[in-house]
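Chemist: Below is the structure I would like to discuss, written out as structure tokens.
The values are calculated or read from the model by the stated rules, or taken from the named source; none is laboratory data. Every value quoted in this text rests on a predicted model; they were computed, and no experiment measured them. Glycine gets a Cβ as well: all are built from the backbone with ideal geometry, and neighbour counts include every protein chain shown. Calculation scope for accessible area: heavy atoms of the full protein, side chains included, ligands and nucleic acids excluded. Shrake-Rupley method; radii C 1.70, N 1.55, O 1.52, S 1.80 Å.
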Amino acid sequence: MRSQDLARGIADLVGTTAKVRDAVESVVAGRAGLADVTVAVLLAEGHLLIEDVPGVGKTTLAKALARSIDCRVGRIQFTPDLLPSDLTGVNIFRSATHDFEFRPGPVFNNVVIGDEINRASPKTQSALLECMEEGQTTVDGTTYSLPRPFLVVATQNPVEMEGTYPLPEAQRDRFTARLTVGYPDPDAEMTMLDRQESADPLAHLAPVTTGADMARFATLVRSVHAAPAVKQYVLDLVGATRSHAGLRLGASPRASLQLLRVAKALAAMSGREHVLPDDVQGLAVPVLAHRLILSTESRLAGTTAEDVVTEIVQRTGVPGARTGMPVRPFGR
């Protein structure tokens with residue numbers, strides 16, 4: 001892509017994604033950086049895992065994103081009796097035509113919300129794998145393409161784990177990032193009470209762009225430049241997880257690729273045609289932590305995967321120190 005075309009495209013992207021973030025934050029307020037990472041994952045053509053206690057706005061976040069980009073949204077409440085066909089769709093025999101008719105499932109939407117994904121059986125959970133990785137699904141031997149943009153936003157509740165099926169490593173690795181919404185601060189919670197006292201804020205949320213524009217921006221993001229030093233920085237961070245004494249399993253090569261893609265998206269959202277090390281630093285925890293398996297000693301010591309990634313970021317050399325690249329804290 002020519003430099004002038006890329007510059008014009010990024011200028012358009014910056015204005016549009018700022019409106020999307022504002023729309024999301026008007027519904028889910030008081031969570032710094034949450035909307036930024038959510039939109040960056042969408043532009044990176046990834047998928048999002050949101051893990052938090054009930055009632056903090058996990059599903060509302062996904063609905064607000066879908067409504068702000070005027071996309072079709074499908075919601076799946078995962079339960080132990082849910083079948084794979086309940087996600088992907090089913091062929092129905094029509095006696096009038098003596099033929100089968102395919103009835104698409106919820107995955108044939110732009111934004112798919114999977115509530116409490118860990119409450120479904122592994123067989124049903126795995127039905128999402130092909131959809132998330134390939135952008136397609138196969139039903140009775142026939143392959144169907146899924147729409148673009150396509151984003152799976154899965155939620156899971158970290159408490160009341162009885163009767164649940166924890167996501168296997170292979171499926172967690174398909175999620176580009178994991179976020180925790182967290183409790184809002186008192187001021188933000190008061191704002192929420194004022195806004196939702198008499199009306200649902202989602203009902204008044206108007207689209208600020210289209211899904212077609214977001215798909216176009218996702219293609220544009222791939223053209224954002226990442227210097228060899230920045231790519232090496234990504235590999236250094238991911239490689240450090242594979243040799244860390246506190247981990248039993250480090251991050252996969254897919255993690256390297258997805259970390260770079262989301263960093264490109266974040267750079268474009270900041271109006272830049274190139275990735276900086278701080279783009280990578282700010283995304284290291286949400287992109288890497290959920291892929292790691294702690295050693296027994298780390299778990300007994302109360303260490304979390306987030307703690308390990310933070311430590312790795314702090315002790316890994318930053319390219320800016322060697323190449324003159326500027327480094328600034330994420331979100332500033």
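Chemist: Just to be sure I understand, how many residues within the range 55-103 are closer than 23 Å to Gln156 by Cβ, at pLDDT 85 or above, open to solvent by 40 Å² or more (accessible area, probe 1.4 Å) and of a type in the set (S, T, N, Q)?
Modeler: So the count comes out to 3.
Chemist: Regarding Val224, is this residue within 30 Å of Gly317 (Cβ to Cβ) and either hydrophobic (A, V, I, L, M, F, W, C) or at pLDDT 95 or above (or both)?
Modeler: For Val224, the condition - within 30 Å of Gly317 (Cβ to Cβ) and either hydrophobic (A, V, I, L, M, F, W, C) or at pLDDT 95 or above (or both) - is met.
Chemist: I'd like the residue in the range 133-170 that is polar (S, T, N, Q) and closer than 20 Å to Thr304 by Cα and, out of all such residues, is modelled with the lowest pLDDT.
Modeler: Result: Asn157.
Chemist: Can you pull out the residues in the range 267-290 that are open to solvent by 10 Å² or more (accessible area, probe 1.4 Å) and part of a helix (DSSP H, G or I)?
Modeler: If the condition is that a residue be open to solvent by 10 Å² or more (accessible area, probe 1.4 Å) and part of a helix (DSSP H, G or I), then Met269, Gln281, Gly282, Val285, Pro286 are the ones that fit.
Chemist: For the range 29-42, indicate whether the set of residues that are part of a loop (DSSP other than H, G, I, E, B) and within 20 Å of His204 (Cα to Cα) is non-empty.
Modeler: The first filter runs over the range 29-42 and keeps only residues part of a loop (DSSP other than H, G, I, E, B), leaving 29-33.
Restricting the remaining residues to those that are within 20 Å of His204 (Cα to Cα) gives 29-30.
Among the residues of the range 29-42, at least one is part of a loop (DSSP other than H, G, I, E, B) and within 20 Å of His204 (Cα to Cα), which makes the answer yes.
Chemist: Still on this model: Restricting to the range 108-127, name every residue that is over 22 Å from Ala64 (Cβ atoms), open to solvent by less than 10 Å² (accessible area, probe 1.4 Å) and not in a loop (DSSP other than H, G, I, E, B).
Modeler: Answer for the range 108-127, where residues must be over 22 Å from Ala64 (Cβ atoms), open to solvent by less than 10 Å² (accessible area, probe 1.4 Å) and not in a loop (DSSP other than H, G, I, E, B): Asn118, Thr124, Gln125.
Residues are listed down the side, and each one gets a yes or a no for (1) open to solvent by less than 40 Å² (accessible area, probe 1.4 Å); (2) of a type outside the set (Ser, Thr, Tyr); (3) in contact with a strand residue (DSSP E or B) (Cβ under 9 Å, 6 or more places away or on another chain); (4) farther than 17 Å from Val275 by Cα:
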{"residue": "Asp5", "(1), (2), (3), (4)": "no, yes, no, yes"}
{"residue": "Ile10", "(1), (2), (3), (4)": "yes, yes, no, no"}
{"residue": "Leu13", "(1), (2), (3), (4)": "yes, yes, no, no"}
{"residue": "Val28", "(1), (2), (3), (4)": "yes, yes, no, yes"}
{"residue": "Leu34", "(1), (2), (3), (4)": "yes, yes, yes, yes"}
{"residue": "Thr38", "(1), (2), (3), (4)": "yes, no, yes, yes"}
{"residue": "Glu45", "(1), (2), (3), (4)": "no, yes, yes, yes"}
{"residue": "Val53", "(1), (2), (3), (4)": "yes, yes, no, yes"}
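Chemist: Next up: All but one of (1) more than 29 Å from Met190 (Cβ to Cβ); (2) touching a residue at least 40 places away in the same chain (Cβ under 8 Å) hold for Asp5; state the number of the condition that does not hold.
Modeler: Unmet for Asp5, out of (1) more than 29 Å from Met190 (Cβ to Cβ); (2) touching a residue at least 40 places away in the same chain (Cβ under 8 Å): (2).
Chemist: Quickly run through the range 115-141 and pick out the residues that are in contact (Cβ under 8 Å) with a residue 24 or more places away in the chain and of a type in the set (Asp, Glu).
Modeler: Asp115, Glu116, Glu133, Asp140
Chemist: I've got another one for you. Sort out which residues of the range 180-225 are outside any helix (DSSP H, G or I), open to solvent by 100 Å² or more (accessible area, probe 1.4 Å) and either of a type in the set (Gly, Ala, Ser) or without any contact (Cβ under 8 Å) to a residue 60 or more places away in the chain (or both), and write them in order of number.
Modeler: Glu197, Ser198, Arg222, His225
Chemist: Taking the range 76-101 only, how many residues are in a strand (DSSP E or B) and touching a Lys or Arg at 6+ places or on another chain (Cβ under 8 Å)?
Modeler: Filtering the range 76-101 for residues in a strand (DSSP E or B) gives 76-77, 89-94, 99-101.
Those still in the list that are touching a Lys or Arg at 6+ places or on another chain (Cβ under 8 Å) too: 89-92, 100-101.
So the answer is 6.
Chemist: Can you pull out the residues in the range 229-259 that are open to solvent by less than 10 Å² (accessible area, probe 1.4 Å) and assigned to a helix (DSSP H, G or I)?
Modeler: Of everything in the range 229-259, those that are open to solvent by less than 10 Å² (accessible area, probe 1.4 Å) and assigned to a helix (DSSP H, G or I) turn out to be Val230, Tyr233, Val234, Leu237, Val238, Thr241, Ala255, Leu259.
Chemist: Which of (1) open to solvent by 40 Å² or more (accessible area, probe 1.4 Å); (2) among the small types (Gly, Ala, Ser); (3) in contact with a helix residue (DSSP H, G or I) (Cβ under 6 Å, 6 or more places away or on another chain) does Gly141 not meet, given it meets every other one?
Modeler: Only one criterion in (1) open to solvent by 40 Å² or more (accessible area, probe 1.4 Å); (2) among the small types (Gly, Ala, Ser); (3) in contact with a helix residue (DSSP H, G or I) (Cβ under 6 Å, 6 or more places away or on another chain) is unmet by Gly141, namely (3).
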